[in-house]
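Encoded as structure tokens, the structure appears first; notes follow it.
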Amino acid sequence: MDALNHFEAQILLFIRENLTSPFLDFVMPKITFLADHGWFWIALAAALLVFRKTRKTGCVMAMALIMGLITANITLKPLVGRIRPYDLLEGIELLVERLHDFSFPSGHTIASFEGATAIALTCKKRYGIPALVLASLIAISRLYLFVHYPTDVIVGCVLGIAFAFLSRFIYKKIETKVKENKALKEAQ
């Protein structure tokens, strides 16, 4: 793992040395803040659950967020125990506060792709595309801010998308069962 950490740290150093700017230094912490503790996606899921028209999206999003919390934050992070990139290299100035948990996988990225993919799967494209753009910006911000390795973010994207698809599948199964039970009751 050390060789991989060092290789990926070189990618982060390349970003730091070649792609930073005062504008991005200002904007990236704001973008990443949207996924701190998943608050934006949790609030959005809760708001969507309130209205009948958007309840399906809220339900799929909430299920996916719970899967991500259990899998990433409760299980994988402590199990893998990957140190943060800024702990690997000395002298890295951070634009955000130091984090006190492990790096793998990126919880910000998982939550963002769970939420955005749930929207893309259950809503019109005009909502899904901006949600996926926001999720991508949040994922990129984690690299820019030197708090995650590229594989943390890539795995976060894959898991977030997978949990959203799984949640939609489960929701459809439950929805079908409820309709079948309702039809049976009406037939009696």
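The values are calculated or read from the model by the stated rules, or taken from the named source; none is laboratory data. No experiment lies behind these values; they were computed from the predicted model shown. Here the Cβ positions follow ideal geometry from the backbone for every residue, glycine too, while neighbour counts run over all protein chains shown. Keep in mind that these areas ignore ligands, DNA and RNA; they rest on the heavy atoms of the full protein, side chains included. Shrake-Rupley method; radii C 1.70, N 1.55, O 1.52, S 1.80 Å.
Odds and ends about this structure:
- Taken over segment 1-40, the residue count meeting the criterion of being under 16 Å from the mean Cα position of the chain (by Cα) and either charged (D, E, K, R) or open to solvent by 100 Å² or more (accessible area, probe 1.4 Å) (or both) is 5.
- Of the residues V153, V158, V133, the single one that is closer than 20 Å to D36 by Cβ, open to solvent by 40 Å² or more (accessible area, probe 1.4 Å) and part of a helix (DSSP H, G or I) is V133.
- Scanning segment 146-175 for residues that are in contact with a Phe, Trp or Tyr (Cβ under 6 Å, 6 or more places away or on another chain) and not acidic (D, E) turns up F146, C157, G160, I161.
- Criterion violated by T117 - all others in (1) within 13 Å of A164 (Cα to Cα); (2) among the polar types (S, T, N, Q); (3) out of contact with any Leu (no Cβ under 8 Å at 6 or more places or on another chain) satisfied: (3)
- Subset tally (residues that are open to solvent by less than 60 Å² (accessible area, probe 1.4 Å) and either touching a Cys at 6+ places or on another chain (Cβ under 7 Å) or free of Cβ contacts under 8 Å to residues at least 24 places away in the same chain (or both)) for segment 161-174: 2
- Of all the listed residues (I110, I66, I138), the sole one being open to solvent by 50 Å² or more (accessible area, probe 1.4 Å), assigned to a helix (DSSP H, G or I) and either within 15 Å of W41 (Cα to Cα) or touching a residue at least 24 places away in the same chain (Cβ under 8 Å) (or both) is I66.
- A Cβ distance below 7 Å, combined with a sequence gap of six or more or placement on separate chains, defines the contacts here; from segment 84-105, residues that are among the aliphatic types (A, V, I, L, M) reach residues that are modelled with pLDDT under 85 and assigned to a helix (DSSP H, G or I) in the pairs L88/N5.
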